[in-house]
Structure formats: C-alpha cells, structure tokens
Amino acid sequence: MATKMDFDSFLAVVRSRRSCRAFKPDPIPEGYVEKIIETARWAMSGANGQPWEFIIVKDQAMKDRIAELFIGNRERVYNIERTRVEDLRMPAYRDRPDTRPALQTAPVVIVIVGDRRTVQASVLYSNFVFGEGGPGAVYQKNMANATHLLQLGAAALGLGAQWCSVNSSWEDSLKRLLDVPEELQIPTLIPVGYPDGKPAPPFRRKLKEVLHYGKYDRSRYRSGEEIFEFIKELRRRTREAYARGI
C-alpha cells in the first residue's frame with residue numbers, strides 16, 4: 001500500500017523542479033547524489049525490467065572532455081536548427097552557441113546508462129507492433145521514468161538539473177570515453193548543482209485546457225495555426241530565460 005503524504009508538499013516539489021543551465025561551483029553535500037540516484041532507482045519500468053545504471057562524474061578533466069564532445073555535436077545541431085523559421089528556432093541556436101555548457105560547469109554530471117536487453121522482461125509482442133509508441137517504446141519510457149524521478153529528487157534537495165539528450169552522433173565517442181560496454185546505451189546526461197541565479201517558473205497550460213471528462217471535448221481541439229502560435233509563444237518565453245543566462 002502506498003504511503004500517504006501531504007499532497008501540497010509533494011506538488012510543491014514537482015512545481016519547484018527547474019531545467020537549470022547555469023550552476024554555482026559550490027560542491028554538492030556528501031550523500032546528496034546517492035539520495036538522488038535512490039529516487040531514480042524506484043522508477044516504474046515495464047515488467048520491472050529496471051534497465052538503468054548511473055555513472056557519477058565529478059572530475060573536472062573528465063567533465064571538460066564530455067563538454068568537448070557536446071560542443072562538437074552542438075555545431076551539428078546549429079547547422080540544422082538555423083534552417084527553421086527564426087521565430088520557431090530553439091533560442092540556444094538562434095546564433096552559433098559560444099557559452100560553456102552546463103556539463104562543464106556543474107559540480108556533478110550524472111550519466112544515465114540503459115540496457116535494452118532488459119526489455120525482454122516485458123511482453124515481447126510490444127516489440128513487433130506499433131502501440132504505446134511503437135517498437136522500443138517500453139525501454140524509452142522506462143529510461144524516461146528514471147530520468148524524471150532523478151530530477152524530482154534533485155529538486156527535493158534544493159538542487160537544479162538539466163535534461164541533456166544524447167544522440168547517435170556523439171554517443172559512441174561518449175561511450176568510449178566512459179568505457180561503457182557496447183551493448184549498453186547512454187540516452188541522457190544530467191548536470192546537477194546549485195542554480196546560479198533563479199530559473200524562471202516554467203510555463204504550463206492550464207488544467208482546464210488539458211482535462212477532458214468521459215470523452216474528448218472537441219471544443220478544446222487546437223488547430224494547426226493555434227499550435228504554430230503556441231510554439232512561437234514557447235520560444236518567446238525561452239528566449240527571455242536564456243537572455244538571463246538561466
């Protein structure tokens with residue numbers, strides 16, 4: 001049976017979570033990282049497959065090398081992102097990025113490692129048909145669940161964190177650097193530390209906009225034009241946050 005707790009306290013932690021891109025050099029107190037990982041360890045996973053493992057990186061020389069790989073990939077992202085309509089371009093890539101990444105400045109980087117072989121614990125049928133995201137979706141959701149709880153654990157301790165996705169263009173180099181076995185994957189890196197500044201409260205759609213009772217309320221269906229304007233507004237808000245360096 002689940003343990004009952006004060007809902008408002010839980011919601012306060014959820015709302016306090018921020019994507020932090022600027023960190024103070026202050027070290028994280030002893031034992032905090034292990035508490036964060038303990039939070040992630042209790043994530044949901046299909047058939048309890050638990051595909052996650054975690055590498056804790058504190059050494060500055062290693063963080064510098066990780067940042068070099070990230071910066072190389074950032075140039076590839078920029079060359080693609082600049083082809084978009086400017087109002088829809090990710091704010092970090094409106095111009096060629098030249099700032100030091102959080103992966104280099106945060107006191108700790110948590111490398112999330114995944115083992116796809118564990119998906120065999122789940123119903124194999126889901127790997128052959130499209131449903132719940134398509135083949136491979138169960139594994140991806142497992143890893144996302146752990147990533148989410150990890151960030152909530154950081155927020156509960158008063159820390160900031162950033163979800164930094166790893167794609168195939170630099171994952172192999174990252175695996176070689178960290179000596180991760182070939183069968184495993186690195187889907188995500190999470191820099192963690194005390195925020196340098198106060199990240200802006202994240203924008204969320206109102207509850208009444210996303211909630212339906214009984215069946216879908218078509219009066220709330222958004223047209224293509226409304227989605228376009230919605231994304232433009234998201235970009236405007238993010239540009240303001242980036243302008244403050246957080």
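All of the numbers you see were taken from the coordinates with simple rules; none came from a lab. Since the structure is predicted, the reported quantities are computational estimates derived from the model, not experimental observations. Here Cβ is always computed from backbone atoms with ideal geometry, including for glycine, and neighbour counts include all displayed protein chains.
Over the chain, calculate the relative contact order: mean separation of alpha carbon pairs under 8 Å at least 6 apart, over the residue count, as a percent.
On the way: 334 pairs, mean separation 79.7, N = 246.
Computed value for the chain: 32 percent relative contact order.
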Counting only DSSP beta bridges with both residues in the chain, tell me the antiparallel percent, nearest 5. 95
Given the options 25, 135, 195, state which has the largest fluctuation in a GNM of the chain using a 10 Å cut-off (strictly under) for Cα springs. 135
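If contacts are Cα pairs under 8 angstrom and at least 6 residues apart, what is the relative contact order of the range 1-121 in percent?
Numbers: 95 pairs, mean separation 50.5, N = 121.
Once divided by the residue count of the range 1-121, the mean separation gives 42 percent.
If I take R0 = 22 Å and measure r between the Cβ atoms of residue 236 and residue 216 in this structure, what FRET efficiency does the formula 1/(1 + (r/R0)^6) give, to the nearest 0.05? Don't jump to the answer; show the numbers that get you there.
Values: r = 29 Å, r/R0 = 1.30.
Efficiency, from the Cβ-Cβ distance: 0.15.
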Which FRET efficiency value, to the nearest 0.05, is calculated for residue 117 and residue 141 with the Förster distance at 22 angstrom and r the Cβ-Cβ distance? 0.85
So how far apart, in nm, are the two label points at residue 168 and residue 226 if each is 7 Å from Cα heading toward Cβ? 3.7
For 42, 170, 52, what ranking results if the residue with the fewest other Cβ atoms within 10 Å of its Cβ goes first? 42, 170, 52
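Which order results if 45, 168 are arranged by neighbouring Cβ count within 10 Å, fewest first?
On the way: 45 20, 168 8.
By the 10 Å Cβ count, ascending: 168, 45.
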Stretchable slack from residue 10 to residue 77, in nm (0.36 nm times residue separation minus alpha-carbon distance): 20.5 nm
Select from 157, 189, 211 the residue whose mean-square fluctuation is largest in a Gaussian network model of the chain (Cα-Cα springs shorter than 10 Å). 211
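What is the extension gain from residue 182 to residue 99, computed as 0.36 nm multiplied by their sequence separation minus the C-alpha to C-alpha distance, in nm to one decimal?
Numbers: separation 83, 0.36 × 83 = 29.88 nm, distance 3.15 nm.
Working it through step by step, the gained length comes to 26.7 nm.
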Cross-link pairs 141/198; 24/232; 35/63 - those with Cα-Cα distance over 27 Å: 141/198; 24/232
